[in-house]
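Everything below concerns the one structure shown next.
A short reminder: the numbers here are calculations on the coordinates, not readings from a lab. Please read these numbers as outputs of a predicted model, since none were measured by experiment. No Cβ is skipped: glycine too gets one built from the backbone with ideal geometry, and neighbour counts run over all protein chains shown.
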Amino acid sequence: SPTPSPDLESLLHSVFGFREFRASQRAVCEAATKGRDVLLVMPTGAGKSLCYQLPAIARGGTALVISPLIALMDDQAHKLTSLGLNVGRIHSGLDREASRQVCRDYLDGKLQFLFIAPERFRVPGFGPMLAKRKPSLIAIDEAHCISQWGHDFRPDYRNLAAHLDALRPAPIIALTATATPQVQKDIVAELALNNAAEFIQGFRRTNLAVEVVEVSKPRRTEMARKLLSESTSRPAIIYAPSRKDAETLATELNSAFPTATYHAGLEPATRDKVQRGFLDGQLEVVVATIAFGMGIDKANVRTVLHMAMPSTVESFYQEIGRAGRDGKPARSVLMYSFADRRMHDFFLERDYPPTDTLSRIATALQAEPIHADDLRIKLRLDLDVFGPALDKLLAQGAAQIDMGGNVSRADNPSPAWMARYNTQVS
Ligand code: ADP
Ligand code: MG
């Protein structure tokens, strides 16, 4: 039977102003408050942040939060500050004096939360500085960044465990929305979690309707306008495949609803303005590239529209997960055509040449040079397939090419390459 925790309950009301815990939040908070290591896997928007923030407040002292993006840090820090909590951040966007002040505040025990990027531990003396006054809880947000199997691998996450050791015995709580068992295993192993309580929550977002419609490119703008014409289908995020597409569509839709575009090619000030306009409701629609998203927490997004197929299922899941975070019905529509899929296949083949193509070329290579074109014809490979595969072999040191475009087997393929090659062909 669940142990009653009036303290956690009342903190939930008094600090966060929430009526009740969602799903497994209470159990997670109890475990972390007691000092247990925790692995928490929960869908985007489900409310993971609360699961380290509430225990941090319950335990007192300072919680150290590792976060991979400045935008995420800023977002959480602003929220906590607005709740009246003392929050410090150290990241590359701050000048040296500001960072020093945050360190002093940390050492003086003035902070309830300290947000840092994992890279910070590369600064000599930073780890030992933290260890002078140990944190009461350590949260690793977006913990899948530690795994090469995840979609956002960050080498500095790998080195965390070595630094965190000196900051123990604080409990570590690792949070992610990435569910694969391989990634979960990596997180537990790499962070050296100790007898962690694992909370793995299902990924079904019951308030989200997911639709895929086949519609040709020329008809998509019209369809977007129709889909968003009911005021109940806005605010909306539209993902466009390129900056240019995003801009064209935004101009087009702006005559119907307040719309702006957001992509990495814009000035930071412009991006900020769009982000804020969308958050406070002046803008109803944002047409964006994939640059828009991580760190955006707008609860009442009613529609997420994809103008084309995203490149991975993971990014699709993340992007549609930005709809309906308030738990009310929301809709995701993906516009699709066979041509979209062909394009992704093409890029996939280009970036990851099939192993059998690599091995066919490698096997055909001789010590005597042969012109690349002749080799390609001999092997009956399309240029699209042959070119990238040959590039890869050249990069791996398995083939060499002279000024005249003649390729031959490299005299001394590196042992590392040979080992890889042998496992690939076997
Ligand atoms: P994620 O799991 O993606 O990290 P967040 O922690 O950012 O999700 O939470 C998503 C939204 O849900 C936030 O706006 C947060 O304030 C809200 N939220 C979290 N827990 C609760 C709760 N118990 N009651 C109401 N809203 C909540
Ligand atoms: Mg989060």
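The HN-Hα couplings worked out from phi for segment 118-125 by the Karplus form 6.51 cos²θ - 1.76 cosθ + 1.60 (θ = phi - 60°) are x, 4, 4, 5, 6, 5, x, x Hz, whole numbers, x standing for Gly and Pro. Between the helical axis of 338-351 and the longest alpha-carbon principal axis of the chain there is an angle of about 80 degrees. Taking 7 Å steps out from each Cα toward its Cβ at Ser408 and Arg225 produces label points 6.4 nm apart. Neighbour counts of other Cβ atoms within 10 Å put Asp374, Asp105 in the fewest-to-most order Asp374, Asp105. Amide H to amide H, with H built 1.01 Å from N, His306 comes under 5 Å of Tyr239, Val333, Leu334, Met335, counting only residues 5 or more places away or on other chains. Taking Asp245, Asp373, Asp156 as the candidate residues, the one with maximal mean-square fluctuation in a Gaussian network model of the chain, Cα springs under 10 Å, is Asp373.
In debye, nearest 20: dipole of the chain around its Cα centre with unit charges on the Cβ of K, R (+) and D, E (-)?
On the way: 51 positive and 48 negative charges, 202 e Å.
Here the chain has a charge dipole of around 980 debye.
With a Förster radius of 45 Å applied to the beta-carbon distance between Arg276 and Asp391, the computed FRET efficiency rounds to 0.55. In order along segment 370-387, phi translates into HN-Hα couplings of 9, 5, 4, 4, 5, 4, 4, 5, 4, 8, 6, 10, 5, 4, 4, 8, 5, x Hz, rounded to whole numbers, per the Karplus curve 6.51 cos²θ - 1.76 cosθ + 1.60 with θ = phi - 60° and x for Gly and Pro. Using 0.36 nm per residue and subtracting the Cα-Cα separation, the extra length available between Lys134 and Glu368 on full extension is 77.8 nm.
Could you work out [θ]222 nm for the chain from helices alone, using -39500 (n - 2.57) per DSSP H run of at least four and dividing by all its residues? Round to the nearest 500 deg cm²/dmol.
-12000 deg cm²/dmol
Counting only alpha carbon atoms, the long axis of helix 355-364 and the longest principal axis of the chain meet at about 30°.
Where does each of Val28, Val333, Val213, Val102 land when they are ranked from fewest to most other beta-carbon atoms within 10 angstrom?
Placing the least packed residue first, the sequence is Val213, Val102, Val333, Val28.
Taking a ≥ b ≥ c as the square roots of the Cα gyration tensor eigenvalues, segment 49-172 comes out rounded, since a/c falls below 1.5. Taking 21 Å as the straight-line reach from the Cα of Lys226, the lysines in range (excluding those fewer than 8 positions away in the same chain) are Lys217.
Over the chain, what relative contact order in percent results from Cα pairs under 8 Å that are six or more residues apart?
Answer for the chain is 13 percent.
For Arg36, nonlocal amide neighbours, meaning residues 5 or more places apart or on other chains whose placed amide H falls under 5 Å from its own, do not occur.
In percent, rounded to a whole number, the relative contact order of segment 295-386 is 26, using alpha-carbon pairs under 8 Å and six or more apart.
For Leu283, the residues whose modelled amide H falls within less than 5 Å of its own, excluding neighbours fewer than 5 places apart on the same chain, are Phe278. Once you've got the Cα coordinates, tell me which of Lys48/Lys298; Lys110/Lys134; Lys273/Lys328; Lys34/Lys185 are over 18 Å apart. Too far apart for the 18 Å limit: Lys273/Lys328; Lys34/Lys185.
Between Gln101 and Asp384, the contour length at 0.36 nm per residue exceeds the alpha carbon distance by 96.4 nm. Taking Cα atoms, how many degrees apart are the long axis of helix 70-82 and the longest axis of the chain, rounded to 10 and kept between 0 and 90? So the helix axis and the longest Cα principal axis differ by about 10 degrees.
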